[in-house]
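Input: a single structure, listed below in structure tokens.
Just so you know, all these numbers are worked out from the coordinates, no wet-lab data involved. All values derive from a computational prediction rather than experimental measurement. Note that we place each Cβ from the backbone using ideal geometry, even for glycine, and neighbour counts take in every protein chain shown.
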Amino acid sequence: MTVRQLLERESLNGAIIEGDDSFLDVEVADVSIHSSPRLINIDSELTQQLLIFDASNVPVDSYQVDMLIRDALDKGFVALILVNYKARMGLAPIRLAKKFSFPLILISDVDALNLADDLRKIIRAPFVARSDALLTVTRQLRNLNRTDPIENALKILEGSLKCRAGLLGPEGSVIASGGGDRFELPSEIPLLPVFVKEEFNGTYYLLQPISLAPRENPSFWLAITLDSPSISAITMATEVLGISVWFFASILIADRLIRERDARFRLGVLNAITVTRDYPDPVLLNQLGVLGWKVDGWCTAIHCQLTGEVDPLRVLNGTAEVQRAFASIGFVGALVERPDGWSGWIVERNEPKPNSYATLVENFKVALEKLSYNSAGVKFYLGIGRPRQGILGLQKSLEEANESSTIAQLSGKNMAVQHIDEMGVRRILLGWYASESFSEFASTLLASTRAADQDGELLKTLETYLDSNCSPSETAIALGIHRNTVINRVDKLKSLLKVNLNEPDERLALQLACRVIKRKWEEV
């Protein structure tokens, strides 16, 4: 332990450092306590000790402090703490302490014996201090106020470990911070499924993963930062994190169960809307009222479909972020989690103008760009239906939004928005894209390519080549590769597929097959 680290102890709160504090990093091996201004009968072999002088019952002036510092230096002490010193400190002791880089510390209203006991405990038997910290944190978490439990629990960690604490989500997003400042994690520090301890610019970062189910990858990380900690402080923080993580996991599991229950209820109501054939059932109307969902107006539906690294849990955890992104463009309404994304709608009192959808499309592109920036490995495809009146109109708009999102996905981009009125001829092809029989045909047609194309480069080349009117030069520019590489890949494709690319019908069949099979492979 160093003097600087000891000053972080709660028992030294309010301590004053006389003079320069640049020499507080001297190591301390033990603590001695005295109440006589002259150090006699002290073993001169003792070194690296901190001297606590109790001036409670001894009138001591600056001259005696000066002599005390000289005696302490002669005896090998590395620092002096004056407890309950009542006189005015003169310049001579301060200058002497600075001359010999000797820490001189004053503290009032403290029991010297208790102070010595606390410092000895952390120096001589750090495991006792760690045990005390574990018991203190456990007791405080058990009695925690359940209003904002995550934030309050992080504050407990900060108070016990003298650190900054935060709860992190996927991609290092900060979900909650304990203090007033937002917790920040340097991008150089990885989020791993195991405990991580990293030093970055003099600060130690400790990250404890939180898994909410057996064999499930971590969804959250409990993180703290320690400035210039001792080995004992790091060990203490590691053990406290190991215990605290179970408390945070219990809070997050309870929150997940509530959200999953609510999501099932919302999805059930959405399904009831889609099967309504005439007047809505009174039970459905009651459920709509409970959820606060409106259908009495012009309803414009959306369906946001995800592909890539997607699972229902990721959709569930991302609902709040998606709601914020959509609200930022003025789309505030019902939003329902589905296995592959979200469906929702907004309601307007008056019928929107026929050309208003163009602005809506551009706004959703802005929102999806923000979402995709924080969602590595995920592709966003959003479809928008026409504004229609009432619950039966909403039903039709939801169907159109779902169709539009399917067409958007076939764009080949990482993010796309499609309105039903912009689909034009592509809507005719929707039947082909959604047909199971054509999907089987496409799989058979391209099976030999897939077997020889583990990284997907051949399929990508074929699709781009067909979209570029079979021009090797345009394909090379689009893919960022050499023209000869395109020619070699096309020759290989011709030998694998056994088709004649000079025939328009065969090219069209291949082009459709590439669209369908690409979508199918991404869903696997």
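Amide H to amide H, which residues 5 or more places from G90 or on other chains are under 5 Å from it, using H placed in the peptide plane?
Excluding prolines and chain starts, which carry no amide H, the hits are S62.
Round to the nearest 10 and give me the degree value, 0 to 90, for the angle of helix 112-124's Cα axis relative to the longest principal axis of the chain.
In the chain, helix 112-124 runs at an angle near 50 degrees to the longest axis.
Using alpha-carbon pairs under 8 Å, 6+ residues apart, how would you state the relative contact order of the chain in percent?
Relative contact order here is 8 percent.
Using a Förster distance of 25 angstrom, determine the FRET efficiency expected from the C-beta separation of N502 and E309, and round it to 0.05.
Calculated value: 0.05.
All other residues with a Cβ under 12 Å from the Cβ of V31 taken together, and with Lys, Arg as +1 and Asp, Glu as -1, what is their net charge?
Local charge sum for V31: +1.
So what's the net charge close to R261: Lys and Arg +1, Asp and Glu -1, counting the other residues with Cβ under 13 Å from its Cβ?
Its environment carries a net charge of 0.
If packing is taken as the mean number of other Cβ atoms within 10 Å per residue, what is the order of 123-130, 362-369, highest first?
362-369, 123-130
Could you pull out every one of the lysines with an alpha carbon less than 25 Å from that of K460, ignoring same-chain neighbours closer than 8 positions?
K365, K379, K413, K492, K494, K498, K518, K520
Could you give the nm distance between label points at R215 and R182, where each point is 7 Å from its Cα heading toward the beta carbon?
So the label points at R215 and R182 sit 3.8 nm apart.
Taking the 0 to 90 degree range and rounding to the nearest ten, how far is the long axis of helix 390-409 tilted relative to the main principal axis of the chain, both from C-alpha atoms?
Relative to the chain, helix 390-409 is tipped by roughly 80 degrees.
For q = 0.12, 0.25 Å⁻¹, what log10 I(q)/I(0) does the range 57-143 give under the Debye formula with an equal point scatterer on each alpha carbon and no solvent?
-0.51, -1.25
Please state the charge dipole magnitude for the chain, taken about the Cα centre, from unit charges on C-beta atoms (+1 on K and R, -1 on D and E), reported in debye and rounded to the nearest 20.
In debye, rounded to 20, the chain gives about 900.
Between I189 and S62, what is the spin-label point distance in nm, taking each point 7 Å from the Cα along the Cα→C-beta axis?
4.5
Per residue, how big is the convex hull of the range 3-124 when only Cα atoms are used? Give it in Å³.
94
Using only the alpha carbons, work out the radius of gyration and Dmax of the chain in angstrom.
34.3, 108
Over the range 440-515, what is the relative contact order in percent, taking alpha-carbon pairs closer than 8 angstrom and at least six residues apart?
On the way: 61 pairs, mean separation 28.2, N = 76.
Computed value for the range 440-515: 37 percent relative contact order.
How many nm is it between the label spots at S471 and E239, if each spot is 7 Å from the Cα in line with the beta carbon?
My value for the distance between the label points is 7.1 nm.
Under a straight-distance cross-link criterion of Cα-Cα below 20 Å, which lysines are reachable from K162, leaving out those fewer than 8 residues away in the same chain?
Straight-distance partners of K162: K121, K197.
As a check on your grasp of the helix formula, calculate [θ] at 222 nm for the chain: sum -39500 (n - 2.57) over DSSP H runs of n ≥ 4, divide by the residue count, round to the nearest 500.
-16000 deg cm²/dmol
Which residues does a label at S173 reach in the range 354-390, if reach means a backbone N under 12 Å from a point 7 Å past the Cα toward the Cβ?
370-376, by backbone N distance to the label point.
Rounded to the nearest Å, what's the spacing between the alpha carbon centres of the range 1-24 and the range 342-369? Just the number, please.
60
How far is helix 149-161 tilted off the main Cα axis of the chain, in degrees rounded to 10, range 0 to 90?
Roughly 30 degrees, rounded to the nearest 10.
Using Stokes-Einstein with the Kirkwood hydrodynamic radius over Cα pairs, what translational diffusion coefficient do you get for the range 279-374 at 37 °C and a viscosity of 0.692 mPa s, in µm²/s rounded to a whole number?
The estimated diffusion coefficient comes to 223 µm²/s.
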